[in-house]
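Each remark here refers to the structure printed beneath this line.
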Amino acid sequence: MFEKRLYSLNGEGKKYIRLNVLVQWGGLLAEIAVIYAAALTLDALYSGLSGGFLAFFAIMTATGTMFVRYFCVRGSFRCGFLSAMKTREVLHSRLSLKADAEKEERQKATENAERMEKYCSEYLPQLYYAPLAAVTVTVAACFVCWKAALLLPAAAGLYLIAVIPNEKLTRKTRDVLICAAYLCVALGIVVCLLELKNHNAHIYGCLMVIMLTGELLRPLRLLEKSRPAAEEGRKACDAFFTFLEKEEGGEKAR
């Protein structure tokens with residue numbers, strides 16, 4: 001669910017929303033790198049190769065990735081804070097022009113503005129990042145087992161449909177869609193194991209697909225958790241702009 005009116009009004013806050021998505025994506029790329037290193041190391045150890053160099057390689061990759069992930073997480077929180085701050089500034093500047101409005105209406109509009117801040121800082125970044133993460137994970141999986149990777153976009157699509165606020169979907173329908181998404185992920189893992197059995201995939205490729213499914217589902221779960229913020233933000237946005245239009249209409253009539 002995307003509120004075009006709020007996004008277009010947000011001005012400088014858009015930059016921090018986009019930067020938030022970019023920072024999270026950087027963290028995902030780092031996570032894919034360490035998954036690749038771990039899977040390759042386990043594959044080599046299983047094949048009977050010496051573990052000294054491989055262990056050093058895995059530890060160095062994991063250490064570097066840990067630092068990258070740390071700064072990406074901090075950067076994401078910082079971008080969310082700045083996005084909320086810029087949204088607050090824009091909305092309160094609009095409210096300041098309605099000084100002659102009734103106190104109760106201004107109070108309600110202020111509360112709605114706070115809900116809209118949460119919408120911009122929590123929900124919108126996840127709304128953009130979740131599909132980007134799904135595409136990135138799918139591309140990474142294609143290099144190791146393309147047949148299994150074909151099921152990952154279906155899983156992401158079903159999950160997205162279920163968690164994006166839609167009044168036409170009942171709770172039961174959403175649960176069915178989420179179950180179908182998990183089934184697609186499970187089928188992808190089964191396909192990968194079958195490819196391994198038929199010697200069409202390596203062990204490290206199979207391990208990568210299994211571990212990558214976690215990176216596919218994590219942003220989707222976060223998007224699901226931010227669903228209440230999206231629903232409240234949508235209602236708050238409707239009420240806020242109705243308040244502005246009402247006041248502007250009253251001023252023109254006077």
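Inside region 197-209, residues that are surrounded by fewer than 18 Cβ atoms within 10 Å (Cβ to Cβ) and assigned to a helix (DSSP H, G or I) make up a count of 2. Residue pairs whose Cβ atoms lie under 7 Å apart, separated by 6 or more positions or on different chains, with the first residue in region 108-123 and over 8 Å from G233 (Cα atoms) and the second not in a helix (DSSP H, G or I), are C120/N10; E122/S226; Y123/S226.
Each residue in region 93-137 was checked for being at pLDDT 80 or above and either among the charged types (D, E, K, R) or over 27 Å from S76 (Cα atoms) (or both), and 9 of them qualify.
Of the set (1) among the aromatic types (F, W, Y); (2) within 19 Å of S8 (Cα to Cα); (3) surrounded by 21 or more Cβ atoms within 10 Å (Cβ to Cβ), all apply to Y159 but (2).
Going by the conditions given, is E231 within 26 Å of L95 (Cα to Cα) and either free of Cβ contacts under 8 Å to residues at least 60 places away in the same chain or within 26 Å of the chain's Cα centre (by Cα) (or both)? Taking the combined requirement at face value, the residue satisfies it. For region 11-42, a residue qualifies if it is buried (at least 21 other Cβ atoms within 10 Å of the Cβ), of a type in the set (S, T, Y) and more than 19 Å from Y128 (Cβ to Cβ), and exactly one does: T41. Restricting the first member to region 81-96 and to residues that are in contact (Cβ under 8 Å) with a residue 40 or more places away in the chain and within 13 Å of L19 (Cβ to Cβ), and the second to residues that are in a helix (DSSP H, G or I) and of a type outside the set (S, T, Y), the beta-carbon pairs closer than 7 Å and six or more apart or on different chains are S83/G13; S83/I17; S83/N20; S83/C120; K86/G13. For region 212-233, a residue qualifies if it is assigned to a helix (DSSP H, G or I) and among the polar types (S, T, N, Q), and exactly one does: T213.
The values are calculated or read from the model by the stated rules, or taken from the named source; none is laboratory data. For clarity, every value in this text was computed on a predicted model and none was experimentally measured. Reconstructed Cβ throughout: ideal geometry from the backbone, glycine too, with neighbour counts over all protein chains shown.
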